[in-house]
Amino acid sequence: MRTDGRKFNEMRSLKVTRNFIGTAEGSVLIELGKTRVICTASVEEKVPLFLKDQNRGWITAEYSMLPRATQTRTMRESASGRVSGRTHEIQRLIGRSLRSVVDLGLLGQRTFWLDCDVIEADGGTRTASITGAFICLCDAVNNVVRKGLILKNPFKDYLAAVSVGVVNGEPALDLCYQEDSSADVDMNIVMTGAGDLVEIQGTAEGMPFSIPTLDRLIKLGKEGIESLISAQKEMLRDCPALPGK
C-alpha cells in the first residue's frame, strides 16, 4: 500500500464541478485527491496575428498557482515580473494537448483561452489541468455551437492526462506530492479517448529506467486515463457537439 492507502494501480478520488464560475463560457473545479484546480474557458472573437486570414481558430492556455497552493507561500509570478520556465512549459503542454483533438479549421476566426489556476497542489497539477480544461473547452465550444456560430462538431476525440512513476521500486498511478517528490521515475502521460498518445514527459530522478518499465508505466497511465475519460463522457452527455461524433 502507498502513503495514502491506495493500491499502486489506483487513482485518487475524482470530483468535477461544472459551471463553477458563472461569468465564463466554460468552467470547472476539478479535484483529484487533495489537488484542486479551477479551469475556465473564454471565447475571443479574434485570432493571433500569425493566423490572420487563414480561416482557422486557436486554442491556448495559461496556468498559475495561488501563493498558498503549496505548504509554504510561493510569490506570485506577476509580483516577480516574469513567468517561470516551468509555467511556460505547462502552459504550452496544455495548449498543444487540447489542439491535438480539435479541428481548428472548424472553429472560425476565434480563440479559446483556457485558464488553469491551482488552488491546492498535491501532485499532478498539470495533468489535472489538462483533464479539467478539456471539459471546459467542450462547454465553451458547445456554447458557441448553440449560437449557430460553429456549424460542425470540431472535436476529434476526448482527452485526459495522468501522472505515473516508480515509487519505492514499484510502478504507481496518479502520484501525490509526497510520492512525486521521492519517486525514482516521474512521468506525465496525455492520451486521447482512442488510446493514442499525445505526449509523454518522463524523467529518471535517480537510476536510468528500462524499456519494460516504460511500457508498464504507459499501460498503467492508459488505465487511469480510461477511467478519467469515462467520467468525462458521463459529464458531457448533455453537449450537442460530443467529441468523436
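Just so it is clear, none of the values below were taken in a lab; they were calculated from the coordinates. Keep in mind that what you see is a predicted model, and the values were worked out from it rather than measured. So basically every Cβ, Gly included, is an ideal-geometry build from the backbone, and we count neighbours across all protein chains shown.
If you average the sequence gap of Cα pairs under 8 Å that are 6 or more apart and divide by the length of the range 19-124, what percent do you get for the contact order?
Here the relative contact order equals 44 percent.
Karplus couplings for the range 113-122 from phi (6.51 cos²θ - 1.76 cosθ + 1.60, θ = phi - 60°), rounded to Hz, Gly and Pro as x?
Each residue of the range 113-122 in turn: 9, 10, 9, 10, 10, 7, 9, 8, 10, 9 Hz.
What are the trypsin sites (Lys or Arg not before Pro) within the range 71-107 that DSSP puts in a loop, where the Cβ has at most 14 other Cβ atoms within 10 Å?
Values: sites: 73, 76, 82, 86, 92, 96, 99; in loops: 73, 76, 82.
Of the trypsin sites (Lys or Arg not before Pro), the ones in loops of the range 71-107 whose Cβ has at most 14 other Cβ atoms within 10 Å are 73, 76, 82.
Considering only 90, 211, 229, give the residue with the highest GNM mean-square fluctuation for the chain, with springs between Cα atoms whenever their separation is below 10 Å.
Comparing 90, 211, 229 in the GNM, the peak value goes to 211.
Counting only residues 5 or more places away or on other chains, whose amide H sits under 5 Å from the amide H of residue 59 once H atoms are built in the peptide plane?
112
Give me a comma-separated list of calculated 3J(HN,Hα) values for the range 204-212, in order, Karplus coefficients 6.51, -1.76, 1.60 applied at θ = phi - 60°, integers in Hz, x for any Gly or Pro.
My calculation for the range 204-212 gives 7, 7, x, 6, x, 10, 8, 4, x Hz in order.
Select from 141, 83, 102 the residue whose mean-square fluctuation is largest in a Gaussian network model of the chain (Cα-Cα springs shorter than 10 Å).
Taking springs between Cα atoms under 10 Å, the residue moving most is 83.
Using only Cα atoms, what is the ratio of the radius of gyration of the chain to 2.2 N^0.38 Å? Write out the running numbers ahead of the final one.
Working: Rg = 17.9 Å, N = 245, 2.2 N^0.38 = 17.8 Å.
Compared with the compact-globule rule of thumb, the chain sits at 1.01.
For the chain, modelled as a Gaussian network with Cα springs under 10 Å, which listed residue fluctuates most, 154, 48, 67?
48
Run the numbers for residue 68 and residue 197: contour at 0.36 nm per residue of separation, minus the present Cα-Cα distance, in nm.
Stretched fully, the residue 68-residue 197 segment lengthens by 43.1 nm.
What are the ³J(HN,Hα) values, in whole Hz, obtained from phi via the Karplus relation 6.51 cos²θ - 1.76 cosθ + 1.60 with θ = phi - 60°, for each residue of the range 186-195 in sequence order, with x given for Gly and Pro?
10, 9, 10, 10, 10, 8, 8, x, 7, x
Given 0.36 nm per residue, what is the gain on full extension from residue 84 to residue 21 after removing their alpha carbon distance, in nm? Intermediate results must be reported in sequence, preceding the final value.
Details: separation 63, 0.36 × 63 = 22.68 nm, distance 2.66 nm.
Length gained, residue 84 through residue 21: 20.0 nm.
Would you grab the residues whose amide H sits under 5 Å from the one on residue 123? Only those 5+ places off in sequence or on another chain, please, with H modelled 1.01 Å from N.
The answer is 177.
Calculate for the chain the 222 nm mean residue ellipticity that helices alone would give, adding -39,500 (n - 2.57) per DSSP H run of length 4 or more and normalising by residue count, nearest 500 deg cm²/dmol.
About -9000 deg cm²/dmol.
Determine, from the Cβ-Cβ distance of residue 234 and residue 54 and an R0 of 35 Å, the FRET efficiency 1/(1 + (r/R0)^6), rounded to the nearest 0.05. Walk me through the numbers on the way to the answer.
Working: r = 36 Å, r/R0 = 1.03.
So the FRET efficiency works out to roughly 0.45.
Students often check this: by mean Cβ neighbours within 10 Å, which of 158-167, 142-151 ranks highest, and how do the rest follow? Provide the component values of the computation, followed by the final result.
Working: 158-167: 26.7, 142-151: 14.4.
Top to bottom by mean Cβ count within 10 Å: 158-167, 142-151.
Using only Cα atoms, locate the centre of the range 122-197 and the centre of the range 22-85, then give the distance between them in Å, rounded to an integer.
15
Only Cα pairs under 8 Å and at least 6 apart count here; give the relative contact order of the chain as a rounded whole percent.
Numbers: 519 pairs, mean separation 50.4, N = 245.
Relative CO of the chain lands at 21 percent.
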